[in-house]
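Comments concern the structure below.
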Amino acid sequence: MTVADTSRCSVSDWDSAFFGARIGRFEMDQPSAADVEQAVSWARAEALDCVCALVEASAVPSVRALEQHGFGFADIRLTLDRAAGGAEAPAGWTIDVARPADRDGLLALARTVHRGTRFTEDPRFGAARAAELYAVWLANALEDADALVLVPREGARACGYLTLHGLGAPTPHIGVLAVAPEVQRRGAGRALVAEGLRRGRGRGATRVSVVTQGGNAPAVRFYQRCGFEARRCQLWYHRWFTP
């Protein structure tokens, strides 16, 4: 790897603008100690405040190299997938596409339910700003022609959401999923996933993938109950350069 290799080292413009800090990304399956040292040099040359590194969980020498160069563990990134369609939906839920009138309520929910992520758990990002990140992601999905936001309804009220992205691709992916606390454990989440799988297959998808926190055992068990299987495990590390 060279310092100018932007396929592995890049400035994250969107994250930088959102958090008000210069944030970069170093992504390499099994970097050597020399690779990590070069990534740190690149980050310093770019005057970054933070660089986020993503490596394979099985790459123990790479993890050691990151830690020796000041990176701290941030999260486990687990990728799962399954065949599109074919999931049984729990009875009793109406699932449809989010409407403009649902927007404010859905964004309010997004600000409160996404916890335990690498952004919310890293105090340098700020808890309030990290929570707002998920509301922004959901708002963007509501405006994205290549995404679909599905909601479970109790009466007229939307009480959760699932975002499905990359609808024109063979393997679209679930972005964020949440259900309001008062309707949890009633099958709304599984109904959302089943509908997402059905609609994905209707658009020509063969499989659907999802990324979740590997340390979030309830989320992992949920997706496994929905028929998803783990395919890849990676680790996020953060290195801050500013006090």
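The values are calculated or read from the model by the stated rules, or taken from the named source; none is laboratory data. All figures in this text were calculated on a predicted structure; none of them were measured in a lab. Positions of Cβ are backbone-derived with ideal geometry, glycine not excepted, and every protein chain shown enters the neighbour counts.
Name the residue, out of Leu66, Leu148, Leu142, Leu80, that is within 30 Å of Ile23 (Cα to Cα), under 20 Å from the mean Cα position of the chain (by Cα) and in a helix (DSSP H, G or I).
Criteria check complete, one pass: Leu142.
Condition first: closer than 15 Å to Gly70 by Cα, outside any helix (DSSP H, G or I) and not hydrophobic (A, V, I, L, M, F, W, C). Now tell me which residues in segment 34-59 satisfy that.
Once the filter is applied, which keeps residues that are closer than 15 Å to Gly70 by Cα, outside any helix (DSSP H, G or I) and not hydrophobic (A, V, I, L, M, F, W, C), segment 34-59 yields only Asp49.
Glu143 versus (1) at pLDDT 95 or above; (2) surrounded by 15 or more Cβ atoms within 10 Å (Cβ to Cβ): which is the lone unmet condition?
Here Glu143 meets the rest and fails (2).
Suppose we filter segment 98-131 for residues that are at negative phi and outside any helix (DSSP H, G or I); how many remain?
The first filter runs over segment 98-131 and keeps only residues at negative phi, leaving 98-115, 117-125, 127-131.
Checking which are outside any helix (DSSP H, G or I) leaves us with 98-99, 114-115, 117, 122-125.
Of the residues in segment 98-131, 9 are at negative phi and outside any helix (DSSP H, G or I).
What residue, of Ala205, Ala194, is assigned to a helix (DSSP H, G or I), out of contact with any strand residue (DSSP E or B) (no Cβ under 6 Å at 6 or more places or on another chain), touching a residue at least 60 places away in the same chain (Cβ under 8 Å) and on the phi < 0 side of the Ramachandran plot?
Numbers: Ala205 fails: assigned to a helix (DSSP H, G or I).
Result of the check over Ala205, Ala194: Ala194.
How many residues does segment 16-33 contain that are touching a residue at least 24 places away in the same chain (Cβ under 8 Å) and in a helix (DSSP H, G or I)?
Number of matching residues: 3.
Modelled with pLDDT of 95 or more and not assigned by TED's automatic domain parsing to the domain that holds Arg199, is that true of Pro100?
No; evaluated as a whole, the condition is false for this residue.
Which ones in segment 171-190 are in a loop (DSSP other than H, G, I, E, B) and on the phi < 0 side of the Ramachandran plot?
Applying the first criterion (in a loop (DSSP other than H, G, I, E, B)) to segment 171-190 yields 171-172, 180, 184-187.
Listed by number, the residues that qualify are Thr171, Pro172, Ala180, Gln184, Arg186.
Test of understanding: among Ala87, Ala91, which residue is closer than 25 Å to Ala230 by Cβ, of a type in the set (Gly, Ala, Ser), in the same structural domain as Arg221 (by TED's automatic domain parsing) and assigned to a loop (DSSP other than H, G, I, E, B)?
Working: Ala91 fails: closer than 25 Å to Ala230 by Cβ.
Going through Ala87, Ala91 in turn, the sole match is Ala87.
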